[in-house]
1. Under 6 Å by Cβ, and 6 or more places apart or on different chains, what pairs join a residue from region 31-55 that is free of Cβ contacts under 8 Å to residues at least 60 places away in the same chain and assigned by TED's automatic domain parsing to the domain that holds residue 9 with one that is assigned to a helix (DSSP H, G or I) and surrounded by fewer than 16 Cβ atoms within 10 Å (Cβ to Cβ)?
2. So which of 109, 126 is at positive phi, in contact (Cβ under 8 Å) with a residue 24 or more places away in the chain and touching a strand residue (DSSP E or B) at 6+ places or on another chain (Cβ under 6 Å)?
3. Only residues that are in contact with a strand residue (DSSP E or B) (Cβ under 9 Å, 6 or more places away or on another chain) and either farther than 12 Å from residue 141 by Cβ or not in a helix (DSSP H, G or I) (or both): list them for region 87-98, please.
4. What's the number of the only condition in (1) surrounded by 15 or more Cβ atoms within 10 Å (Cβ to Cβ); (2) in a loop (DSSP other than H, G, I, E, B) that residue 7 fails to meet?
5. What pairs can you find where one residue is in region 157-168 and at pLDDT 90 or above, the other is assigned to a loop (DSSP other than H, G, I, E, B), and their Cβ atoms are less than 6 Å apart, with a gap of 6+ or different chains?
6. May I ask you to say which residue of 136, 79 is within 20 Å of residue 49 (Cα to Cα) and either in a strand (DSSP E or B) or not assigned by TED's automatic domain parsing to the domain that holds residue 20 (or both)?
7. Going by the conditions given, is residue 17 surrounded by 12 or more Cβ atoms within 10 Å (Cβ to Cβ), more than 18 Å from the chain's Cα centre (by Cα) and either at pLDDT 90 or above or not in a loop (DSSP other than H, G, I, E, B) (or both)?
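The values are calculated or read from the model by the stated rules, or taken from the named source; none is laboratory data. This is a predicted model, so every value here is computed, not measured. Cβ: placed from backbone, ideal geometry, glycine included. Neighbour counts: every protein chain shown.
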């Protein structure tokens, strides 16, 4: 649905890169290689996004680095919109409502890095996770969000991931 509002696929990919995980950074050539786009298309969108203050442009040594501007008034809203766009909110809602004792949910893999690969990897942490129900839920989520979903379950996760849900 977001692609009907924002018609530039390059812009959407850059927003996903920087706003799914605000710790993500990138430079022009690296982003062009990662997204398999030409540098001019990436440069144009980076300039547009930095002009309105959504991303920050910083010189570091011989490179100009870009990152999300977490002080921008729309930062939180953009994160919510992009998480909805990739289907992360739908996954979290479905998992939490029926999975039992979920302590934390982490995003790992490509989307954690801000790469819109079409495969979302989720780690669900908690005791007694209902894995058979999770496997029944998986095709429904895939149909709903039109992306591949891989679930990993564990009682304790120490890996590298973006925490997207934590039970208080």
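1. 32/39
2. The conditions single out 109.
3. 87, 96 - these are the residues of region 87-98 that are in contact with a strand residue (DSSP E or B) (Cβ under 9 Å, 6 or more places away or on another chain) and either farther than 12 Å from residue 141 by Cβ or not in a helix (DSSP H, G or I) (or both).
4. Result: residue 7 passes all but (1).
5. Listed pairs, sorted by first residue: 162/21; 162/112.
6. Result of the check over 136, 79: 79.
7. Taking the combined requirement at face value, the residue does not satisfy it.
For every residue, the table says whether it meets (1) surrounded by 18 or more Cβ atoms within 10 Å (Cβ to Cβ); (2) touching a helix residue (DSSP H, G or I) at 6+ places or on another chain (Cβ under 6 Å); (3) in a helix (DSSP H, G or I); (4) at pLDDT 90 or above.
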residue: 46; (1), (2), (3), (4): yes, no, yes, yes
residue: 49; (1), (2), (3), (4): yes, no, yes, yes
residue: 53; (1), (2), (3), (4): no, no, no, yes
residue: 57; (1), (2), (3), (4): no, yes, no, yes
residue: 72; (1), (2), (3), (4): no, no, no, yes
residue: 84; (1), (2), (3), (4): no, no, yes, no
residue: 100; (1), (2), (3), (4): no, no, no, no
